[in-house]
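Each remark here refers to the structure printed beneath this line.
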Amino acid sequence: AQSVAQPEDQVNVAEGNPLTVKCTYSVSGNPYLFWYVQYPNRGLQFLLKYITGDNLVKGSYGFEAEFNKSQTSFHLKKPSALVSDSALYFCAVRDWWQAGTALIFGKGTTLSVSS
Amino acid sequence: NAGVTQTPKFQVLKTGQSMTLQCAQDMNHNSMYWYRQDPGMGLRLIYYSASEGTTDKGEVPNGYNVSRLNKREFSLRLESAAPSQTSVYFCASMGGAGLGPQPQHFGDGTRLSIL
């Protein structure tokens, strides 16, 4: 079965500094990887996905993610953090179920950006 | 665009009561999903529906039933609520068009508390 791991429960950065939220994956076959963000009392919002091709994927709100096959990682990055980026971030991998596909999520990383 | 709409937003139940969580999407998506979110555990798949007329169990289906009423609507029913089902429930949908795996679109959740 596919799985993802987010090794950090919380990441703290100062506004204006670069941020990285880590994700590692374990899959059989080609990985299809996603990042989502969740703001308080809201649903998950899609940020970006990796299917194939360039290892650096650009997404919404200035976020990007770097796919590294040898390290089985898919870290989320942003060059300059904003206070408004403070939220809960989920890494996910597509998995095959009996009659279709669904996402397997990591446990989430809380990003806190201080002013 | 409404996207994915979930009702109710909040609900308090007593142990043993039943209720149905409603979900509707207006994006003409084939696939729909129910997840539960618990602190420190990410999102876990309860049931999914790959297309109208089909439903299948996910990772944590015990205590739940679902109905794919039509292409737009996918409901989740708790027949006899238990305190362990206190959680935030998210509905999601996914289209099949486009190049490669598509992102899921999430509703804002139903916060369910069972006393």
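The values are calculated or read from the model by the stated rules, or taken from the named source; none is laboratory data. What you see is a predicted model, and the numbers here were worked out from it, not measured in a lab. Neighbour counts are summed over all protein chains in view; Cβ atoms, including those assigned to glycine, are modelled from backbone coordinates with ideal geometry.
Brief remarks on what is shown
- The listed residues are B:S31, B:S87, B:S93, and the only one of them that is surrounded by 14 or more Cβ atoms within 10 Å (Cβ to Cβ), under 28 Å from A:A87 (Cα atoms) and facing chain A (nearest Cβ under 8 Å) turns out to be B:S31.
- When segment A:19-56 is filtered for residues that are more than 18 Å from A:A87 (Cβ to Cβ), of a type in the set (A, V, I, L, M) and either more than 12 Å from chain B (Cβ to nearest Cβ) or not in a strand (DSSP E or B) (or both), the ones remaining, listed by number, are A:V27, A:I51, A:L56.
- Check on A:L88, crowded, with 20+ Cβ neighbours inside 10 Å, facing chain B (nearest Cβ under 10 Å) and in contact (Cβ under 8 Å) with a residue 12 or more places away in the chain: no
- Strands (runs of 3 or more DSSP E) (entirely within segment B:12-81) containing at least 1 residues that are in contact (Cβ under 8 Å) with a residue 40 or more places away in the chain: B:19-25, B:31-37, B:43-49, B:74-78
- Qualifying residue in segment A:95-113 (condition: modelled with pLDDT of 95 or more, more than 16 Å from the chain's Cα centre (by Cα) and assigned to a strand (DSSP E or B)): yes
- Among the conditions (1) free of Cβ contacts under 8 Å to residues at least 24 places away in the same chain; (2) closer than 24 Å to B:G107 by Cα, A:V37 misses just one, which is (1).
- Test result for A:V21, surrounded by fewer than 20 Cβ atoms within 10 Å (Cβ to Cβ), within 22 Å of A:S112 (Cα to Cα) and of a type in the set (A, V, I, L, M): no
- Segment B:53-75, residues that are crowded, with 16+ Cβ neighbours inside 10 Å and within 11 Å of chain A (Cβ to nearest Cβ): B:T55, B:D56, B:K57, B:G58, B:E59
- Scan of segment B:96-115 for residues that are surrounded by 17 or more Cβ atoms within 10 Å (Cβ to Cβ), assigned to a loop (DSSP other than H, G, I, E, B) and within 8 Å of another protein chain (Cβ to nearest Cβ), ordered by number: B:P101, B:P103, B:Q104, B:G107, B:D108, B:G109
- When restricted to residues that are over 14 Å from A:F90 (Cβ atoms), in contact with a Gly (Cβ under 9 Å, 6 or more places away or on another chain) and surrounded by fewer than 19 Cβ atoms within 10 Å (Cβ to Cβ), segment A:25-54 contains 3.
- Condition met for A:S70 (without any contact (Cβ under 8 Å) to a residue 12 or more places away in the chain, over 13 Å from the mean Cα position of the chain (by Cα), more than 28 Å from B:H29 (Cα to Cα) and assigned to a loop (DSSP other than H, G, I, E, B)): yes
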